[in-house]
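So the structure is just underneath, and the comments pick up after that.
Throughout, read-outs are computed from the coordinates displayed, never taken from laboratory work. Small disclaimer: the values here were computed from a predicted structure and weren't measured. As a convention, Cβ positions derive from the backbone with ideal geometry for all residues, glycine included, and neighbour counts pool all protein chains shown.
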Amino acid sequence: MSASEFSRSALAAFDHVVKATGDFRDRPGQRLMAQKVADTFAAATLGKVDEDDDEPVRAIAVIQAGTGVGKSLAYCAPAIATALARNTRVLISTATVALQEQLVTKDLPALAALLPEPFRFGLAKGRGRYVCKLKLARLTGADGGPDEDDMFADDFPAGAAVQPMHEARVAFYTAMARDLANGSWDGDRDSLVNQPGADFWIPVAAESSSCTSKHCPVYSSCTYFEKRKELVGAQVIVANHDLLLSSLGTRLLPELDNCLLVLDEAHHLPAVALNHFACSMDLSRTGWVDVLASRARRIGSLVQVSEANDLPRLAAQIRQTLQDVSRLVMDSYGQVMQEPGAAQGRGPARVRLPRGELPESLDEPLRLVSVTAETFLDALRAVAKELRAQMRDNPDEARRLSTLYAQIGVLTPRLEEVHACVQLLLREAEADSDASTGGVARVPTVPVAKWFTFEVGSGMDDGLVVIKAHASPILPGSTLRSKLWSSVRAAVVTSATLTSCGRFDFFMRESGLHADSAATTLEVASPFDYASQGQFVTVETAADPKHAASFTTEMVQALLRDIAHVAHGALVLFTSRDQMRQAVEALPAQLRPVVLVQGELPRTTLIRQHRERVEAGGPSVIFGMQSFGEGLDLPGPLCESVFIAKLPFASPDDPVGESRAEWLRTSGRDPFSELVVPATAIRLAQWTGRAIRTETDKSFVYCYDRRLVGTSYGQRLLQGLPAFALLRRDVQGREFTMQRPGDAPAATAHPAAQTGLRRSG
């Protein structure tokens, strides 16, 4: 089939599904998106290309699909139809668990029942989400019980608190093993009723570093590999952005040059990339290095690997050098511990290195750590290779050898992280290959963000100053272009919020697609009539939002007056925990029972209570922060008002953001206009998007930040919002209609009755 035939066939499949659904509605925007998806996936060249062939065709569609478009169906139906016709697979990557669950439990089963040709689908998760049965048996005593040199012996701190902690863990692992054995639990962390903390889960997680795969004695019943088998025949695989980036260069997911890739919730991708490729290491607590060396040397002698003999010396070298680095850092920057607020519970004190330039005194010791860690890792690889070889040759010894393998593997990632962090710390600024330079002819080289944190330990580390080193790339676009897009042939990149201030430019730069000739854009408007369904009210305060204390006091007073009129469901979004705390403390007695506060209850419980209150006919107001500003679906009376306490600017002291702003200023560019405002616009659009979720919703959005109407960037932010009717409430409480930025001047601006903006009880 030709590309045009593939496209027509895929669109026909979409039309078939739409007509087969019981609630058919004509959605021109949805079909427009489906057409773009079909054309994109039909055009790309997939699979191996011979040397004599033409360059493979790449096709990447960046599609903003407004709320209500029905983008899941718009990309799933044509993508699956194309994959079946081209004998390939669809890989769908999302940012949130909620969307993964929606796809796997609702959307894909519905499509499987409607598409003419059958297909299979599955959910892909990283190894760390599943339990390792071998580790679990070891820790519960089912496999002989832990001995004094067991793989997790160092996991229990020394001292009086050991026994209760040990008993709690054993009880937890015993219950886990029982539920796994009787079939009431499937080995997936996410399906546990009571979610364990990292300190309980990590010792039993099926991490790749401690896994011997097919050589493991419990391989045939391994939870992770059983789940992997389900994906073998699946034409559609659902994963997440972090797993996608983690699997690059592996066989965990379909090869990106031979599958159809869909990135949903794609506005998260740049942040996920920066976080994924960032590194950190603890300079103060290094006892694990000696534990790893001792285990590896002992095991190396058992399997006769001579490279392991030198490990104690290498460990001592690494530990001593890291301590030297820690001392040098403390001598140079330790004064931050004395600064006001450094130990007030606001997180560790931090020192960022300007322009990513390391002090000369740190260069030599860090290079020594790099070389020594690489030699150490080479020896560990040699031991691991020999262990796998002996497992293959001596199956009867597989259980014992797998345990030995895990004893090393459980700590090896710490050494790998040290090596990676040192490499990034030592990296000098490089020439920018990213097209996000904005056309500037000469641009300063791009640094790596580097910083140190200082924190006084507690518990077993009480009084110890814990010093950590951190490093991160600052341009997600450059990272994604080299790590991801270089391998991709066919992709659809979509979200409800990809434009910023009405343009795709910001996202295209952040995602690394700005200068990619294969990338095209499409904006599909929401079918909602925002002008008639809702109003956006800017509430002015006398206090400047830049003056946090006075602004918060005035904002809280205005907010409490407004939420007193809530008749059904409402959502209040705060930009800081302190801001939310002050609002909670100011609640009058009659409002406190109405308010549900994020963090006081599990998220699912909180949402359930909110729904029950509204369905019973009473008011319910949710107080939340950033995580409640996205992905929260509260249609109809569940959310008739959204209150935004303040414009959601990112934290001003983020070290990666600071480093990037510094680089932009050095380049002669304005970081506020180029970086801060566009990022805030996307976040504000997400928050505002909680208001109207269906074509019948009626909702109001209130924002208590006068900068929306008093600054030029505020007008840019308004430009990127849905087409709500705009109103302005001044300090005296009078309300006036506003024209949208870019619209023709309104004939007159007239006062509006405040009561007309709220639902009657």
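Annotations
- Percent antiparallel among DSSP beta bridges (both partners in the chain, rounded to 5): 30
- Close amide-amide hydrogen proximity is noted between VAL62 and VAL493, THR520, THR521, LEU522, each under 5 Å apart and 5 or more residues distant or on a separate chain (H modeled in the peptide plane; Pro and chain starts excluded).
- Taking each residue as 0.36 nm, the span from LYS698 to LYS229 lengthens on full extension beyond its C-alpha to C-alpha distance by 164.2 nm.
- Rounded FRET efficiency, nearest 0.05, which uses the C-beta distance separating LEU248 from ARG400 and R0 of 45 Å: 0.85
- The ranking of VAL97, VAL69 from fewest to most other beta carbons within 10 Å of each one's beta carbon is VAL97, VAL69.
- Residue exposure sequence - MET33, MET580, MET555 - by fewest surrounding Cβ within 10 Å: MET580, MET555, MET33
- Here's how it looks for LEU260: its modeled amide H is under 5 Å from those of ARG89, VAL90, LEU91, which are all 5 or more places away or on a different chain.
- Taking the Cα centre of the range 530-757 as origin and assigning +1 to Lys and Arg Cβ atoms and -1 to Asp and Glu Cβ atoms, the resulting dipole is close to 120 debye.
- Length available on full extension from ASP393 to SER487: 0.36 nm per residue minus the Cα-Cα distance, which gives 30.1 nm.
- Alpha carbon centroid spacing (whole Å) that separates the range 464-525 from the range 615-632: 30
- Principal-axis analysis of the Cα atoms of the chain puts helix 162-181 at an angle of about 80° to the longest axis.
- Rounded FRET efficiency, nearest 0.05, which uses the C-beta distance separating ASP290 from SER712 and R0 of 56 Å: 0.40
- For the chain, a simple Cβ point-charge model (Lys and Arg +1, Asp and Glu -1, everything else neutral) yields a dipole of about 1440 debye relative to the Cα centre.
- At 0.692 mPa s and 37 °C, Stokes D of the range 1-143 from Kirkwood alpha-carbon radius, µm² per second: 189
- For VAL701, distant residues with modelled amide H under 5 Å away: GLN535, PHE536, VAL537, VAL642
- Once both labels are positioned 7 Å from their Cα atoms along Cα-to-Cβ, the gap between PHE672 and THR445 label points is 3.1 nm.
- The relative contact order of the chain comes to 16 percent, based on Cα pairs under 8 Å that sit 6 or more residues apart.
- The range 585-595 - phi-based ³J(HN,Hα) in whole Hz, Karplus 6.51/-1.76/1.60, Gly and Pro as x: 5, 8, 4, x, 4, 6, 9, 4, x, 7, 9
- The chain, Rg to Rh (Cα coordinates; Rh as Kirkwood inverse mean 1/r): 0.97
- Derived scalar couplings ³J(HN,Hα) [the range 630-642; Karplus, 6.51 cos²θ - 1.76 cosθ + 1.60; whole Hz; x for Gly, Pro]: 8, x, 8, 10, 10, x, x, x, 5, 8, 8, 8, 10
- Relative compactness, the range 530-757, computed as alpha-carbon Rg over 2.2 N^0.38 Å: 1.02
- Two-site FRET efficiency, ALA168 against ARG120, from Cβ-Cβ distance with R₀ of 45 Å, rounded to 0.05: 0.65
- Here the Karplus curve 6.51 cos²θ - 1.76 cosθ + 1.60, taken at θ = phi - 60°, turns the phi angles of the range 399-404 into couplings of 5, 5, 5, 5, 5, 4 Hz, with x standing for Gly and Pro.
- Partnerless Cys - the chain, beta-carbon criterion under 4.7 Å: CYS76, CYS132, CYS211, CYS216, CYS222, CYS259, CYS501, CYS639, CYS703
- Summing +1 for each Lys or Arg and -1 for each Asp or Glu among the other residues whose beta-carbon sits under 13 angstrom from that of ALA271 gives -3.
- Dividing the Cα radius of gyration of the range 467-555 by its Kirkwood radius returns 1.15 for Rg/Rh.
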